[in-house]
Structure formats: C-alpha cells, structure tokens
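S.K.: Mind looking over this structure? Questions follow.
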Amino acid sequence: MGFSDAQALGVELSGWPQCFTRLPVMECKKWILFDIGGVLEVVDDDAWPQKFQRRWQARLGFDPEEYKERIDRAALPFIDLSPQTESAYWEGVGRALDMDQATVAEMRAEMWDQYCGILNVELMDFARGLHPNAGVAILSNSVDGAREEEERRYAFSRVFAPIIYSHEIGVAKPEAAAYRSALQAMDAEPDQVFFIDDHSEAVAGAAAVGIRGTLHVGNAATIEKIEDFLGRP
C-alpha cells in the first residue's frame, strides 16, 4: 500500500516509519554504524595506554605507584564524558608530574599519535562506497579533542554523518543511552542499523537495544557481514 492509497482508505499514518509516509514509496534507509579505534583506526586500545604510561614513568623518573598517586591527587576532569576539558586535563597533568609546557606538549602529541593509530584504508574506502545506498555513521567512545584530531588526520566527516562521540553526549558504550543517541542522530529504528565494534561488550550493548552487529576481527569478515545485512551479492 502506498502513501496515497493509505490516505484514500483513511489509514492512520502517524505510527508508520517516516520513510513509509512519503512519495515515492521506498524502503527504509539502512545504516552502518562504525566504531573508530580498532575498527576504522588500526590501534590496540587495550594495550597502548599502558605502554604509553610506562614510557613516561621511566622518562620522568617515577615508579608506578608514585606516578599513579600524583595523577589520582590531581583530580583531573573526565575528558571521556565531558566536552571542552582537554586543556584543563593537560594543564593538570603537567602540574601533577612537574612538567614544563614543552614536555606537556610532547606528551600530548605522543598520546594523540598512539590514540589515533593509523587509518584502516580498506574499511574506510568500503564505507565510502556504501553511499548512496546506505547511511554510514560513527559511534565512538572518545576523549575531548578526538573529533578535531581524527578529522585533521583522516577527514571522517567527508564519509560519515552523523559522528557521535561519547565525550560530547556524556555517555559511553555499552550504556543503552549511547546507542539511543546514535539512533536519534540517524533518525533510524534499531532494525535499520548494523553496528561494528572491536569489543564484544559494545556489540552486546547494541543488541540490548535491538541493533544487530558484529565483532570486528578483520576487514574481510566485517565487510561480508555488512553486505549480508544490506542484502548485496
């Protein structure tokens, strides 16, 4: 039944998905929702922070206990759940570890290099090729400054929209509110979305709100799962 037919028969349309209430009649748009670190970026988010911390402990001459104690006492802002906190965070780190501005800048630059890894070119190109048949979006657990750094390096906004960062919405995966924020930004229902993440708890969190997904372990398997979801040969 098309939109005009439904109107002629007096069918109530207010509860229909939005794509069924327009002319011409079309299928609901499907969305592919990507994580960044470990998916669009080749980086081990579970390993690099510890290695980074150990390098700077050694360079600054702190044992692990003193380093941790100094950072804990600094009461740094939660840059993973709050915007506009990056500058205050690094100022606090500098004071806590007795670093001058040049050393703080060096530490900060190294952190972003580790955080952003390298671009997964194959998956990025695949995502770009999904237009216009599917929407492509991002939902990423992040820290303040990530949008600017990743855009400068990889220009994600040229391919993905919307891009949702945890530090901007105040909630992180696998909390249900993170996925609901993404659904709202995409103007999509859960069954229209397929989610890719390299952490099983994040994929499970998506499933809990009705979003299908896959655990990313390699490009070939992920691309195959996306193609299956989209019904492409």
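S.K.: In the set Ile169, Ile223, Ile164, which member is among the β-branched types (Val, Ile, Thr) and over 21 Å from Asp44 (Cα atoms)? Full working, then the answer.
M.R.: On the way: Ile223 fails: over 21 Å from Asp44 (Cα atoms); Ile164 fails: over 21 Å from Asp44 (Cα atoms).
Criteria check complete, one pass: Ile169.
S.K.: If you take just the strands (runs of 3 or more DSSP E) that sit entirely in region 145-220, which of them hold at least 1 residues that are of a type in the set (Phe, Trp, Tyr) and touching a strand residue (DSSP E or B) at 6+ places or on another chain (Cβ under 7 Å)?
M.R.: 163-165, 193-197
S.K.: Pick out the one residue from Ile79, Ile36 that is at pLDDT 95 or above and in the same structural domain as Arg128 (by TED's automatic domain parsing).
M.R.: Testing whether each residue is at pLDDT 95 or above and in the same structural domain as Arg128 (by TED's automatic domain parsing) leaves just Ile36.
S.K.: Within region 86-115, how many residues turn out to be under 21 Å from Asp63 (Cα atoms) and either in a helix (DSSP H, G or I) or touching an Asp or Glu at 6+ places or on another chain (Cβ under 7 Å) (or both)?
M.R.: Total satisfying the criteria: 13.
The rows are residues; the columns are (1) in contact with a Phe, Trp or Tyr (Cβ under 7 Å, 6 or more places away or on another chain); (2) surrounded by fewer than 19 Cβ atoms within 10 Å (Cβ to Cβ); (3) modelled with pLDDT of 95 or more.
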residue: Ala185; (1), (2), (3): no, yes, yes
residue: His199; (1), (2), (3): no, no, yes
residue: Ala204; (1), (2), (3): no, yes, yes
residue: Arg212; (1), (2), (3): yes, yes, yes
residue: Leu215; (1), (2), (3): no, yes, yes
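S.K.: Oh, and also: Please work out which residue is farthest from Ala182 (Cα to Cα), limiting yourself to region 116-144 and to residues that are in a helix (DSSP H, G or I) and in contact with a helix residue (DSSP H, G or I) (Cβ under 7 Å, 6 or more places away or on another chain).
M.R.: Checked region 116-144; the qualifying residue farthest from Ala182 (Cα to Cα) is Glu122.
S.K.: Cβ-Cβ distance below 6 Å, separation of 6 or more or different chains: which pairs start in region 133-152 with a residue that is more than 25 Å from Lys29 (Cα to Cα) and assigned by TED's automatic domain parsing to the domain that holds Pro174 and end on one that is of a type in the set (D, E, K, R) and assigned to a helix (DSSP H, G or I)?
M.R.: Sorted first by the residue in region 133-152, then by its partner, the pairs are Asp144/Glu86; Gly145/Glu86.
S.K.: Which of the residues that make up region 221-233 are surrounded by fewer than 21 Cβ atoms within 10 Å (Cβ to Cβ), in contact with a strand residue (DSSP E or B) (Cβ under 7 Å, 6 or more places away or on another chain) and hydrophobic (A, V, I, L, M, F, W, C)?
M.R.: Within region 221-233, Phe229 is the sole residue that qualifies.
S.K.: Oh, and also: Can you pull out every residue in region 110-133 that is touching a strand residue (DSSP E or B) at 6+ places or on another chain (Cβ under 9 Å), surrounded by 13 or more Cβ atoms within 10 Å (Cβ to Cβ) and either over 15 Å from Leu40 (Cα atoms) or not polar (S, T, N, Q) (or both)?
M.R.: Tyr115, Cys116, Gly117, Leu119, Leu123, Ala127, Leu130
S.K.: Let me ask something else about it. Tell me the residue from Pro83, Pro49 that is of a type outside the set (Ser, Thr, Tyr), under 17 Å from Ala172 (Cβ atoms) and not in a loop (DSSP other than H, G, I, E, B), please.
M.R.: Testing whether each residue is of a type outside the set (Ser, Thr, Tyr), under 17 Å from Ala172 (Cβ atoms) and not in a loop (DSSP other than H, G, I, E, B) leaves just Pro49.
The values are calculated or read from the model by the stated rules, or taken from the named source; none is laboratory data. Quick caveat, the model's predicted, so the values are computed rather than measured. Note that we place each Cβ from the backbone using ideal geometry, even for glycine, and neighbour counts take in every protein chain shown.
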